[in-house]
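Here is the structure we will look at, set down as structure tokens.
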Amino acid sequence: MAAQHNTPLVLVSHVLCPYVQRAAIVLKEKGVPFERRDVDLTQKPDWFLACSPLGKTPVLLVGDEAIFESAVICEYLDESLAPRLHPDRPLERARHRAWMEFGSSLLNTIGAFYNAKDADGLAAQVKQIRTRMEQLEAVLGAGPYFAGCRFSLVDAVFGPVFRYFEVLEEIKDFGFFDGLPKVVAWRVQLAQHPSVRAATDARYPQLLRDFLRNRNSVLSKLIENAMRFSLVPQKSVSD
Ligand SMILES: N[C@@H](CCC(=O)N[C@@H](CS)C(=O)NCC(=O)O)C(=O)O
């Protein structure tokens, strides 16, 4: 049965944003209807700047109230709608919040990786991502989710994190997941989880390729080369 929410919910979104995806995943887990309203972050409309103090997606419009910051949105949804995704015990909940923050930090590292302007910078970020994956391997249990059988907010955070690697691995094998069976199994599990799948649409891989190609970074050049040898699909969404 769908959870009750009497006020209409609008998720102000960007098609590639991993922070938006985590909010969309939580909304789907809660079974509440919501409208997704995409904005162009390169030309932010006035109505968006009026409701997003930091000029970032996501924003959740709850009637007249605009809630910004994805972790806050996820926590609000979890407090107000069943089923509860956070654990009951405060200490366990604190641990989950900490790993959500770890996920946000990893997204920043992924950003530094795809924006790196020289080979040394890229190598440093590859090493950092690899270290983060090893840290995850050390804390994961038997699965299939972060905390066992139940899907949690930590899973909602990491579904979009792992999604990047579907496209990144087309470009080059960076060895991020080598010898890390628990992370690999978690990644596979999240990739097939219905709410994680539903958080993006079919345009996502090509839009991400286009976005990465336009970074003017080392990775952008690697994509160009991969395209030349037909290792990644050629077609741009805008073509
Ligand atoms: N801490 C924020 C990060 C959100 C964020 O960085 N969103 C990006 C898109 S993925 C954005 O809106 N960037 C536009 C900008 O910074 O101008 C959250 O968790 O909601």
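The values are calculated or read from the model by the stated rules, or taken from the named source; none is laboratory data. Worth saying up front: this structure is predicted, and the values here are computed from it rather than measured. Note that each Cβ is placed from the backbone with ideal geometry, even for glycine, and that neighbours are counted across all protein chains shown.
Say whether the condition of being in contact with a Leu (Cβ under 7 Å, 6 or more places away or on another chain), in a helix (DSSP H, G or I), in contact (Cβ under 8 Å) with a residue 40 or more places away in the chain and surrounded by fewer than 19 Cβ atoms within 10 Å (Cβ to Cβ) is met by at least one residue in segment 191-199. Among the residues of segment 191-199, not one is in contact with a Leu (Cβ under 7 Å, 6 or more places away or on another chain), in a helix (DSSP H, G or I), in contact (Cβ under 8 Å) with a residue 40 or more places away in the chain and surrounded by fewer than 19 Cβ atoms within 10 Å (Cβ to Cβ), which makes the answer no. For segment 114-127, indicate whether the set of residues that are assigned by TED's automatic domain parsing to the domain that holds GLN189 and within 16 Å of the ligand (Cβ to nearest atom) is non-empty. For segment 114-127, residues assigned by TED's automatic domain parsing to the domain that holds GLN189 and within 16 Å of the ligand (Cβ to nearest atom): present.
If you go through segment 110-119 one residue at a time, do you hit one that is on the phi > 0 side of the Ramachandran plot and touching a residue at least 24 places away in the same chain (Cβ under 8 Å)? No: segment 110-119 contains no residue that is on the phi > 0 side of the Ramachandran plot and touching a residue at least 24 places away in the same chain (Cβ under 8 Å).
For segment 59-89, what are the residues that are away from the ligand (no atom under 16 Å from the Cβ) and assigned to a helix (DSSP H, G or I)? GLU79, SER80, listed by residue number. If you check LEU231 against the conditions, is it at pLDDT 95 or above, outside the structural domain of ASN108 (by TED's automatic domain parsing), over 19 Å from ARG132 (Cα atoms) and of a type in the set (A, V, I, L, M, F, W, C)? Judged against the criteria, LEU231 is not a match. Selection of segment 31-58 for residues being more than 10 Å from the ligand (Cβ to nearest atom), over 19 Å from ASN6 (Cβ atoms) and within 20 Å of the chain's Cα centre (by Cα) yields ARG36, ARG37, ASP38, ASP40. Would you be able to say whether some residue in segment 149-163 is farther than 21 Å from ALA94 by Cα, without any contact (Cβ under 8 Å) to a residue 60 or more places away in the chain and of a type in the set (D, E, K, R)? No: zero hits.
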